[in-house]
Amino acid sequence: TVTVNSQPALVLASATVQLQAAAGGSPVSAPVALTTTGSSTVNFGLSFATSAGGNWLSATSGSSTTPGIITVTANPSVLAAGSYRGTVTVTSSGASNSPMSLNVELAVSAPQFSTAGLVEGASYRSLSVSAGGILSMFGTGLSSATLGASSVPLPTTLDNTQVLVNGVAAPLFFVSSGQINFALPWEVLGQTQVQITVLSGGVASLSETVSI
């Protein structure tokens, strides 16, 4: 009896790696496990590229065969305060889904959040709102202080912090380093997807696209 199996597939423990660093600071790293489906092992190679900021991204592995650990490293020493994106690409001739991409997001003295950190404001469950709805955002470096709105109409700036939704400044209830509560502007009524960006102290986060 001869059993012929299909090629195994590469499996990354995470699709996105978020790194934080101070402007002019030391390199920061994060490990990401790489495995394959089934019991097979495959050889793999790594390459990396950035969309801006030059050659701040690198990736290494102690093994060229799965299972392995990919160490993603960002060097902020030559970067200005801001947010940057890069990609690590995993290739393997023995895998059915090669090449596979690992997204890297680097915040250099900048606010940072992800789509998973955006939830419905009352229940903190997954995002399910429309224009005028209240959202909570969780992340890091979102604001330099903790401050709540004290008047109506709600301000669109608190502690020099703004949330831009498709470029429109959202009304703010509350800001802190780790959380912002805001209302989705009525200007996005009828849209099914929006881009959300945080501005803190004049430094912008990466924009994240979310469905509403």
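The values are calculated or read from the model by the stated rules, or taken from the named source; none is laboratory data. What you see is a predicted model, and the numbers here were worked out from it, not measured in a lab. Cβ atoms come from the backbone with ideal geometry, glycine included; neighbour counts cover every protein chain shown. Side chains included, ligands, DNA and RNA excluded: accessible areas come from the protein's heavy atoms. Shrake-Rupley method; radii C 1.70, N 1.55, O 1.52, S 1.80 Å.
Some notes on this structure:
- M100, M137, ranked by accessible area, largest first (probe 1.4 Å): M100, M137
- Computing FRET efficiency as 1/(1 + (r/R0)^6) for V152 and N55, where r is the C-beta to C-beta distance and R0 is 45 Å, gives about 0.40.
- In this rough spin-label picture, where each label sits 7 Å from Cα along the Cβ direction, the S47-S211 distance is 3.2 nm.
- Length-normalised contact order of the chain in % [C-alpha pairs under 8 Å, at least 6 apart]: 17
- Anisotropy class of the range 96-137 from Cα gyration tensor, a/c 1.5 cut: oblate
- In Å², nearest 10: area of F173 left accessible to a 1.4 Å probe: 80
- Distance between the 7 Å Cα→Cβ label points at S177 and T115: 2.9 nm.
- Prolate/oblate/rounded call for the range 40-165, Cα gyration tensor, a/c under 1.5 rounded: prolate
- Computed over the Cα atoms of the chain, pair by distinct pair, the Kirkwood hydrodynamic radius stands at 19.0 angstrom.
- Among beta bridges that DSSP assigns inside the range 157-212, antiparallel share in %, nearest 5: 100
- At R0 = 30 Å, FRET efficiency that the Cβ-Cβ distance of N97 and N166 yields, to 0.05: 0.35
- Radius of gyration and maximum dimension Dmax of the range 91-212, Cα, Å: 16.0, 61
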